[in-house]
Structure formats: C-alpha cells, structure tokens
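What follows is a short report on a single structure.
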Amino acid sequence: MTQASLGQSVVQKEIHASQNNGVAANITQTQPLWLLAEVTYRCPLHCAFCYNPTDYDKHTQNELTTEQWIDALRDARKLGAIQLGISGGEPLLRDDIEDIVIEAKKLGYYSNLITSGVGLTEKRIKAFKEGGLDHIQLSMHDITEEINNFITNTKTFELKKKVAAMIKDHGYPMVLNVVMHRYNIGHIKEILEMAEALGADYIELANTQYYGWSLVNRNQLMPLKEQVDHAEAVTNEFRANPNNKMKIFFVVPDYFSDRPKKCMNGWGEIFMIVTANGDVLPCHSARVLPNMQFPNVREKGLEWAWNDSPAFNKYRGDSWMKEPCRSCSEKENDLGGCRCQAFLLSGDAEAADPVCSKSPHHHLIEKAIEDSKNPVLTAQPIVFRNDKNSKKIIAGELNDRVDEFHALP
Ligand code: SF4
Ligand code: SF4
C-alpha cells in the first residue's frame, strides 16, 4: 500500500453517521470508525518507499477468503466502523473485490479503493460503480516517466495517466496520492500542475514516513530540510491562488518536526487494520513491536480484538507512558508519538518517539538526517520491495542494511 491511508481520513472525516444507511452501530468509548482491509500483500509494483512489512513474503500464501473478509466487514460494522479502505499490496490482484464492494455497500460503509491503478479495467470500474464503491484513490509518483519507473521499478507511467482519466470518466472524485522523497520533491510544482491538468479534486502529498521498505531505504529517500521547506512553500503558494480549486493535503515529514504525530490518532482509538492473513492491528507496523501477540480474525472475532485483546489495550490512553511523556504538558497532543517508530529507532517501545526534541533518543533522528547527506551511504543501492528481497530480509541476508533498526518487518 501507499503511505496514503492516514491522510485519507482527513478527506473523509466529513462523513457523518447519517451515511450509516440505518445500520445500528454500538457506540463505545473507543470505536473503530476506520477499517483498513489490507486484502493482499501481492503487488505488481516494487516501490522503494512501500509501507508494507519487509517480511510480507511470509503472508502471501494464507490470505483470507472472500467469506472471511465479508465476515470481518460485518463484524467491524457492528462495532461502528463506517469507513472502509480496501488496500494492499495491490487489491486489484484479487478477483473478489467486486464482491467485497457490494457487501460493503449493503452494510453501509463509505468505501475507498486504494490502488496503484494496475489491474483497473473498464469492466472492473463499471462493476465497482454498480456495486456502490464510493471512492478510488490512485497513487502517482512523478511527472517524469524516468522517476515513476525508477522508484516503482516498473513501467507504469502511461498506464497511471490512463487510469486517472478512467476514474474521472466514471464520475469518481479524482483523488491522487503522491509519496514525496528525494527523487521527486523538486518537481512539486509540476506535480501539482499535472494533478490539476488531470482534473484532480484532491491531492495528498505524503512525505515519506520511515517504516517497512522506506526505513531500509531511508538514506536514499530522505530529502534535505531545504527541499522540504521549498516544497511546503510551493504548496502554500499554489493553495493561495484562487484559480486553483484542488484541495491539497501536505503531510509534514516527522523527521523534520520537533514533535511527533499522534500516531493513528491514538492506539486503538479509531483505526483497525485487518491484514491479508487476518491479523488485526491498531497500526500498519505494529507487528514490529516485541512481546506482542496480535489477534487474528480466524481465531477470535473483531469485537474481542478491539475491546479485550491485550494488544489493543497495551498502548491505549497514557497509563503505559514513562518519562518524559508521563509528566509532559503536551501529552494529550501526541500521546507520545508512534510506538513502532520509538521501538524501531531506540529499541524501547515505551520511549518517547525520538522525533520529539524532549526525547532522550532525539539524537537518532539528528543522526538519520546527517546520514542522509553522507554520499557514501546515499550511494548504496535501493532495496526494492519485491519477493526476492523480502525472502532475503527474512533469511537475514540484508542485515548490513537493517541491523541498525531493532526489528524489521
Ligand atoms: S509496492 Fe507500491 S503500489 Fe505496491 S503496495 Fe507497496 S507502495 Fe503500494
Ligand atoms: S515528551 Fe512525549 S508527550 Fe511530551 S511532546 Fe514529547 S513525545 Fe509528546
């Protein structure tokens, strides 16, 4: 999947309970308003920044069946979920997305297909429209064929433009996601112009967050601070032009902030992710955390997973915090940041997110920024997201690249 789905909640937060189509939903203190169904880890693209776990190859043989997905949708709906993201990998590699869309509509979800566009045909998009799919989010990569094809390790540039036109032709809002990194951030103005020309209603400029494959490739992908500042300035200028109607969401990169984000809007607060093999997670990367047993839909239902499982309760609220977060006057703002980022970088899942300037581990972020300017490190080859590299990481063959992180997937 792309790094889009969190920002997508910003587009859709205007969706109200009135769209529940009369389906009763239990209102609990925390409620999984957003169900992200990562229906497969298979993908025809090989993006260097992919958010999927680096050991995804373990999970490609035991995908949930159509019936199991439909049960999961039904159970999540009972818990109050109203927004459904259908993601992957590339969800269109499954031939049952049409069935899932129909069921989602019946249950009253607002459904969003998050796709690279590969596999979206006229026949399928018509079926999605008839089935009641509300929204399609397409990933784009650059204005140049060269960078598009390089960063995805595929030849998909022309196809993406055709798919964008097809989405528009079928009356869907045009929603683009562009993951920003060193190779495309300098083209931000042209990317915005391209999006306008394609008739985009909304574009998410998602600066790379460093998890999964993007963490392995951090030195190669991280832009300079000046490039990020320039990109933000260009974005603001574009927004200020009254002729430009397109909505723009610019996801500020963590590493150049001095406070972390409230990751997933709080652990187990509104997001529930069901992975291709049925694991139920509070965030995409949660399986990196040590000593955690995540529930699986094949074993116990989603209600138990959400309300009672030790994993979903582990970092809910703030009682797990230690200093400096515990007594911090800002803790309501960010809940200490991201548990996965804290663990991946510092080895301590309960530490303040190293992004925070108050964290005793903040030097790790400063070092990462310095490393990304080191020509010896940045010249190392990109490890593209593919089955071969996933197998190598599982077998420990790329430890020179991943050893400095405490757990990867
Ligand atoms: S490889 Fe690219 S298209 Fe495929 S899941 Fe990862 S980010 Fe998405
Ligand atoms: S110390 Fe912890 S709670 Fe306070 S701002 Fe930093 S990460 Fe947030």
Count of the stretch 362-403 residues which are without any contact (Cβ under 8 Å) to a residue 60 or more places away in the chain, closer than 25 Å to residue 257 by Cβ and surrounded by 13 or more Cβ atoms within 10 Å (Cβ to Cβ)
3
Write out, first by first residue and then by second, each pair whose Cβ atoms fall under 7 Å of each other, whose residues are 6+ apart or on separate chains, and whose first residue, in the stretch 322-351, is in contact (Cβ under 8 Å) with a residue 24 or more places away in the chain and on the phi > 0 side of the Ramachandran plot while the second is outside any helix (DSSP H, G or I) and near ligand 2 (Cβ under 6 Å from one of its atoms).
336/325; 336/352; 336/353; 337/260; 337/352; 337/353; 337/356
Wholly enclosed helices (runs of 4 or more DSSP H) of the stretch 85-197 bearing at least 3 residues farther than 30 Å from residue 218 by Cα:
97-107, 122-131, 157-169
So which helices (runs of 4 or more DSSP H) stay within the stretch 315-409 end to end and still have 2 or more residues that are touching a Phe, Trp or Tyr at 6+ places or on another chain (Cβ under 9 Å)?
339-346, 362-371, 387-394
Total residues in the stretch 251-282, condition within 16 Å of ligand 2 (Cβ to nearest atom), without any contact (Cβ under 8 Å) to a residue 60 or more places away in the chain and under 21 Å from residue 406 (Cα atoms)
0
Only one residue in 339, 385 is within 16 Å of ligand 1 (Cβ to nearest atom) and either within 20 Å of the chain's Cα centre (by Cα) or not β-branched (Val, Ile, Thr) (or both), so which one is that?
385
One residue is enough: does the stretch 295-313 have a residue meeting the conditions more than 14 Å from ligand 2 (Cβ to nearest atom), outside any loop (DSSP other than H, G, I, E, B), under 22 Å from residue 51 (Cα atoms) and in contact (Cβ under 8 Å) with a residue 24 or more places away in the chain?
yes
Please work out which residue is farthest from residue 391 (Cα to Cα), limiting yourself to the stretch 207-233 and to residues that are out of contact with any strand residue (DSSP E or B) (no Cβ under 8 Å at 6 or more places or on another chain), crowded, with 20+ Cβ neighbours inside 10 Å and hydrophobic (A, V, I, L, M, F, W, C).
222
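Read-outs: derived from the displayed coordinates by stated rules, not from any lab. In this text the structure is predicted, and so the values were computed from the model without any measurement. All Cβ positions, glycine included, derive from the backbone under ideal geometry; neighbour counts span all protein chains shown.
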